[in-house]
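Below: one structure, written as structure tokens.
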Amino acid sequence: MKIVIASGKGGTGKTTVSLNLALALSDVQLFDCDVEEPNCNLFLGFDLEKVEDVVCPVPVINQEKCSICRQCSDFCRYNALAALPGRILFFPSLCHGCGGCTVLCPENAIREVQRPLGVIEKAKGESYPEFYRGLLNIGETMTSAVIKRLKKYIDDRKIAILDAPPGTACPVIASVEGMSYCVLVTESTPFGLHDLRLAVDVVRTIKIPFGVIINRYGLGDSRVEEYCNAEGIPVLLKIPNDRKIAELYSQGIPFVREMPEWREKFLGVSEAIKLQLAVKEELTI
Amino acid sequence: MIQLTVISGKGGTGKTTLTAAFASLAENAVIADCDVDAADMHLILEPGILKKEDYFGLEVSRIDPELCIGCGKCREFCRYGAVNENFEVDPYRCEGCAVCTIVCSEGAVYMGKRVSGQVFYSETRFGPMAHARLGIGEEASGKLVSAVRSNAKKLAEQYHKGLIIIDGPPGTGCSAIAAITGADLVLVIVEPTVSGIHDLKRVLELAAHFMIPTLVCINKYDINKENTRLIEKFCTEAGIPVLGRLPYNDIATKAMLHKQTVIEYADNNDYANENEFANQVRIIWASIEEILADVQDKQDGPEPLKMKNL
């Protein structure tokens, strides 16, 4: 079972839910897919080791062979190549590594080298939960490439929990795609509801079963619950707007560790997900 | 024209709440909502849309099944795994690079335009606003951020505004980079949590990478005073001004429920706590304005004089 935790709006509690769920279950792998701002390990404190560099193949132009025919710079959709009168200029941070310029070059003047975009790291030795994260280098834009590499470490025999980045754009799709279930974390505020609707559109578009967790329950109004009821979206859990939970978060402590009664509730979430998936399977058969 | 971008690294620290409040205090500004994939500013500012345009992102590849002979070249050369066994293109995976069009010997692959969202030119009670909506799961949110910023510039010229206030996205990736490049000043809203501090350091690195002067404001400072001190110490050592600290206050949510900025909400309700919060925001905005005036003097001395003569 592969569960991805997403949200639309940032700061609603994706990391909180991912961590507490991972700590409540056994035989779990936890993946921090928010590679622009990975926070899970601040709460886990594992020693991390690099398992791989995430790279992007980029062109190197042999200026002696280059006839400045401009085919590569005319072709590049990302404006990573520009033709000057005397040479072709390359802007590495704009390159998506598609390889088109190499294919096109009539002079065979382009070869590719691997440019690092970020790293995949894992908790050293035996950790509980088993933990992996991606980290995008500062100034890089290829967020989805790092997420896609990170997801290769999912072991189908275990429960995988993925902490997704906020928003509804390509990094979210890269995280959610191919997962068995999506938990959308929201808060009951106008911003929370607005961004929840966008996130629901995303998971519906890519056809993944989903449910909602309402965080800071009690804040704002009841519109999120009303929306979920009207849309037939299961509300898996309500986490109250509790100062103690906020303070534990600020210190980097997953609250199931200090408030063990919550372990049961997160176990309940995983049971509810299993049930929802089983019912869905029955319906499709 | 001066551009101020508000970012945070971590989401949910109060960017939009404070940017909306600043918009209500600034007298000569255009507002740009550049958090394009979870845009919320319009929920408070309720813009009246003047003009709407389709936004075309990167093109998407399409394969004509009549012409395709199934040679598999496109599948082989696509580095994004966007072509399936039946030679159909998955639009969510396609990055629009067009490599498939050059390797196809049959001319069966072509690039089609795709509407990736809409951009809006609007008016609000605090002045003009540029904003957008990104289509579900679309690529190129960075490009859309750039489009919103360029629309904001057009509005600033049209309405003779000297300042653009940009509500940025979370993170450090393509949208965040698009929101800060070329800005004159970056304001980072941070909360004193371990995640907040970690993400602050990453965005400060990002702003330094693009050599943009940066300011910090601490929101919800009282949820962890020890962490607040750590942030202040860290920023002081790095030479980054910390403009102020705001307490945790549910005024942000209350104001949001009434579609008001925290300044408006405090003005309409006579609660000491709320008023105190709004005053703190006013003080922070006053110091930002001072810094912005400095930036403008340094950048283009003659321009403010010309404006004064008008």
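Quick notes on this structure:
- In this structure, B:Tyr80 does not qualify as open to solvent by 50 Å² or more (accessible area, probe 1.4 Å), over 23 Å from B:Asn219 (Cα atoms), outside the structural domain of B:Arg245 (by TED's automatic domain parsing) and of a type in the set (Ser, Thr, Tyr).
- Just one of the numbered conditions (1) touching a residue at least 60 places away in the same chain (Cβ under 8 Å); (2) open to solvent by less than 30 Å² (accessible area, probe 1.4 Å); (3) more than 21 Å from the chain's Cα centre (by Cα) is not true of B:Thr261: (3).
- Answer residue from the stretch A:100-112, given it is more than 14 Å from every other protein chain (Cβ to nearest Cβ) and surrounded by fewer than 19 Cβ atoms within 10 Å (Cβ to Cβ) and is farthest from A:Met142 (Cα to Cα) among those: A:Glu107
- For the stretch B:1-46, filtered to residues that are in a loop (DSSP other than H, G, I, E, B) and more than 14 Å from chain A (Cβ to nearest Cβ), the residue that is most open to solvent (accessible area, probe 1.4 Å) is B:Glu27.
- Residue selected from the stretch A:100-112 under the condition touching a helix residue (DSSP H, G or I) at 6+ places or on another chain (Cβ under 8 Å) and assigned to a loop (DSSP other than H, G, I, E, B), by the criterion farthest from A:Leu150 (Cα to Cα): A:Pro106
- Matching option when the condition is at pLDDT 95 or above, assigned to a strand (DSSP E or B), surrounded by 22 or more Cβ atoms within 10 Å (Cβ to Cβ) and not small (Gly, Ala, Ser), among A:Arg115, A:Arg133: A:Arg133
- Enumeration of residues in the stretch B:265-274 that are within 28 Å of the chain's Cα centre (by Cα) and open to solvent by 40 Å² or more (accessible area, probe 1.4 Å): B:Asp267
- Wholly within the stretch A:1-99, helices (runs of 4 or more DSSP H) carrying at least 1 residues that are more than 9 Å from chain B (Cβ to nearest Cβ) and more than 19 Å from the chain's Cα centre (by Cα): A:14-24, A:71-75
- Residue ranges of helices (runs of 4 or more DSSP H) in the stretch B:134-212 with at least 3 members under 30 Å from A:Asn41 (Cα atoms) and at the interface with chain A (Cβ under 10 Å from one of its Cβ atoms): B:174-180, B:194-209
- Entry remark, the stretch A:22-37: residues being open to solvent by 10 Å² or more (accessible area, probe 1.4 Å) and either charged (D, E, K, R) or more than 24 Å from A:Ala272 (Cα to Cα) (or both) number 3 in total.
This table checks each residue for (1) in contact with a strand residue (DSSP E or B) (Cβ under 9 Å, 6 or more places away or on another chain); (2) farther than 30 Å from B:Gln296 by Cβ.
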{"position": "B:Asp199", "(1), (2)": "yes, no"}
{"position": "B:Glu205", "(1), (2)": "no, no"}
{"position": "B:Ile240", "(1), (2)": "yes, no"}
{"position": "B:Leu243", "(1), (2)": "yes, no"}
{"position": "B:Thr253", "(1), (2)": "yes, yes"}
{"position": "B:Glu274", "(1), (2)": "no, yes"}
{"position": "B:Ile283", "(1), (2)": "yes, no"}
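Residue-by-condition table, conditions (1) open to solvent by 50 Å² or more (accessible area, probe 1.4 Å); (2) at pLDDT below 95; (3) part of a loop (DSSP other than H, G, I, E, B):
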position: A:Arg197; (1), (2), (3): yes, no, no
position: A:Tyr227; (1), (2), (3): no, no, no
position: A:Ile233; (1), (2), (3): no, no, yes
position: A:Lys238; (1), (2), (3): yes, no, no
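- Scanning the stretch A:178-195 for residues being facing another protein chain (nearest Cβ under 9 Å) and open to solvent by 40 Å² or more (accessible area, probe 1.4 Å) gives a total of 1.
- Selection over the stretch B:128-146 of residues that are closer than 21 Å to B:Met1 by Cβ and surrounded by fewer than 22 Cβ atoms within 10 Å (Cβ to Cβ) gives a count of 1.
- The stretch A:227-273, residues that are within 23 Å of A:Ile208 (Cα to Cα) and touching an Asp or Glu at 6+ places or on another chain (Cβ under 9 Å): A:Val235, A:Lys238
The values are calculated or read from the model by the stated rules, or taken from the named source; none is laboratory data. What you are looking at is a predicted structure, and each value in this text was computed from that prediction instead of being measured. When we count neighbours, we look across all protein chains shown, and the Cβ atoms used for this are built from the backbone with ideal geometry, even at glycine. Ligands, DNA and RNA are excluded from the accessible area calculation, which covers all protein heavy atoms including side chains. Shrake-Rupley method; radii C 1.70, N 1.55, O 1.52, S 1.80 Å.
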